[in-house]
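Right, one structure below, let's go through it.
The values are calculated or read from the model by the stated rules, or taken from the named source; none is laboratory data. All figures in this text were calculated on a predicted structure; none of them were measured in a lab. Heads up, the Cβs are rebuilt from the backbone with ideal geometry, glycines too, and the neighbour counts pull from every protein chain shown.
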C-alpha cells in the first residue's frame with residue numbers, strides 16, 4: 001500500500017511538471033515556452049485545425065495564421081475586382097467595432113488583384129487604405145492559396161468566402177458570399193464555441 005502511494009505521488013509530480021511551461025535559454029534572457037499548437041494534422045475542413053500559412057500584409061510584415069491562436073478569427077478570402085468583396089472590405093472596421101468584448105482577428109487574404117493576378121504589396125496597401133481597414137491585416141495571397149483538395153488549400157467556390165475559426169484553432173464554419181448579418185451571427189457562434197477550451 002505504501003509503495004502504491006509513493007508511485008501515485010511520483011506520477012502526480014510527473015504530470016504536474018509536464019504541464020508547467022518550460023524555459024529555454026536564448027543568450028542572456030530566459031523566455032517561457034508554452035506552445036499551444038500541438039497537433040500534427042490539419043485540413044481546411046469544418047471541425048479540423050486549419051493548416052498554417054504565412055503571408056505578407058499591407059505593411060510588408062509576415063503574418064502567420066497560428067500567431068492568432070486564442071482569438072476568434074474571421075478569414076476573408078477575396079478578390080479586388082469582386083463587388084461583394086469590396087463591400088465586405090468596407091465593413092471590416094465596423095464589424096470589429098461591433099464586438100468590443102470579443103478578441104477578434106479579421107484577416108483578409110486577397111487572392112487576385114483587379115487584373116486577376118496575384119496582388120502586389122501596393123495592391124493590398126491600396127485595398128486597406130481605400131476601404132478604411134486600419135487595425136486588421138490585409139494579406140498578399142494568390143491562386144496557390146486555393147485548391148480543390150481541402151488538405152492542400154482553401155476550397156473557394158464563390159467570392160468572397162469566409163472561414164470562422166475558434167480560439168482553439170478549429171474551423172467552425174465556412175460562409176460563401178457576403179452577408180453582414182450572417183457574419184455577425186457566425187462571429188457570435190464561433191466565440192461561444194471556443195470560449196471554454198483555453
query: Which residue, of 139, 156, 175, 186, is at pLDDT below 95 and either surrounded by 14 or more Cβ atoms within 10 Å (Cβ to Cβ) or not assigned by TED's automatic domain parsing to the domain that holds residue 65 (or both)?
result: 156
query: Within region 171-187, can you find the residues that are within 17 Å of the chain's Cα centre (by Cα) and closer than 17 Å to residue 95 by Cα?
result: 175, 183, 184, 186, 187
- request: Identify, from the list 62, 123, the residue that is assigned by TED's automatic domain parsing to the domain that holds residue 180, crowded, with 17+ Cβ neighbours inside 10 Å and touching a strand residue (DSSP E or B) at 6+ places or on another chain (Cβ under 9 Å).
  value: 123
- request: From the list 67, 76, pick out the single residue that is touching a residue at least 60 places away in the same chain (Cβ under 8 Å) and surrounded by 13 or more Cβ atoms within 10 Å (Cβ to Cβ).
  value: 76
- prompt: Which condition breaks for residue 61 when tested against (1) modelled with pLDDT under 95; (2) within 17 Å of residue 140 (Cα to Cα)?
  reply: (1)
message: Return the residues of region 119-135 that are closer than 13 Å to residue 81 by Cβ and in contact with a helix residue (DSSP H, G or I) (Cβ under 7 Å, 6 or more places away or on another chain); say none if nothing qualifies.
response: 127
- request: For region 141-168, enumerate the residues that are more than 11 Å from residue 44 (Cα to Cα) and more than 15 Å from the chain's Cα centre (by Cα).
  value: 142, 143, 144, 157, 158, 159, 160
